[in-house]
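In what follows, a structure is listed as structure tokens, so that the remarks can point back to it.
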Amino acid sequence: MFWIKREKKRGQASYFVLAGIIVFMVLAVLVFIFSTEQVKSKVKFENLELPIKIEDVERTIDSCLKKLTETAINSIAFNGGFIDIRNSPIEPLGFYFPGTKSKAKVAYGLFNDNIVLISEEGFKYQLKEYLRYEVPLCSFPNGFKSNVKQSDINVDVKISPGFVDIEMNYPLVLKVGDLNAKTKETYKLKLKSNIGEMRNVAEEIVKQQKKYNGQIEISNILSFGYDIKVIPIDKNTSVIMIYDKGSTGLIFMFGSKNKNE
């Protein structure tokens, strides 16, 4: 009888051990399935999120490129050829706008009968360097995070009648979770602007001023196709303003100074 009771107890113990093993295995399988589903869900989410992030970054860079190019062109026109007037090799000419108390500084196009107007190549070089420096700051104002890998920026600028064409090579690598992806490499902008032609008109004006002792022939002024205003500063110094009649409303101005007679 005692022997029979011991066998029953052993059987019950074996049953509980076996049941525990089965429960453990079931739990292990459930944990594995749950973990696998989490990984799948994470990968699926990252696959959906990554294209969205790439589109956001590319859209931001396109917007910054356009905004910065417009700002640079306006500064070049207003300052007489320089994005930053402090880069003028000659001390800029300070003057007051007619009928106002607003004071401005402008770079010289003609100084002591020497033509010092910014060249087209100088204009393009400034724009290239400005965009190379400013685009990353505009696109990522809070700095680069660990999930963004930046490459070098290469910028090409072309000036054509009525347009400024920008082609910028700026590939980035974005990381979302365990996935990496590249943004597009090239950004293009065709901006409507007469800044190139206006600079050419300014060059023709300073050539005439040098030739005719500060004077400009009226017939030539009319042939330029732009409204031109001369603001006398003193006997030998003036500010020349070239007004764009188009929709941009751009004003290119520069200082002009002849030698003292």
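The values are calculated or read from the model by the stated rules, or taken from the named source; none is laboratory data. Since the structure is predicted, the reported quantities are computational estimates derived from the model, not experimental observations. Cβ coordinates were reconstructed from backbone atoms using ideal geometry, including for glycine residues, and neighbour counts include every protein chain displayed.
Residue count for region 89-143 satisfying the condition of being in a loop (DSSP other than H, G, I, E, B) and hydrophobic (A, V, I, L, M, F, W, C): 7.
For region 76-135, give me each residue that is surrounded by fewer than 17 Cβ atoms within 10 Å (Cβ to Cβ), of a type in the set (S, T, N, Q) and farther than 23 Å from Leu191 by Cβ. If the condition is that a residue be surrounded by fewer than 17 Cβ atoms within 10 Å (Cβ to Cβ), of a type in the set (S, T, N, Q) and farther than 23 Å from Leu191 by Cβ, then Thr100, Ser102, Asn112, Asn114 are the ones that fit.
Tallying residues that are closer than 14 Å to Phe111 by Cα and modelled with pLDDT of 85 or more within region 212-233 yields 1. All conditions but one from (1) of a type outside the set (Asp, Glu); (2) more than 25 Å from Leu131 (Cα to Cα); (3) in contact with a strand residue (DSSP E or B) (Cβ under 6 Å, 6 or more places away or on another chain); (4) surrounded by fewer than 12 Cβ atoms within 10 Å (Cβ to Cβ) apply to Lys188; the one that does not is (2). Glu217 passes every criterion in (1) touching a helix residue (DSSP H, G or I) at 6+ places or on another chain (Cβ under 8 Å); (2) among the charged types (D, E, K, R); (3) touching a residue at least 24 places away in the same chain (Cβ under 8 Å) apart from (3).
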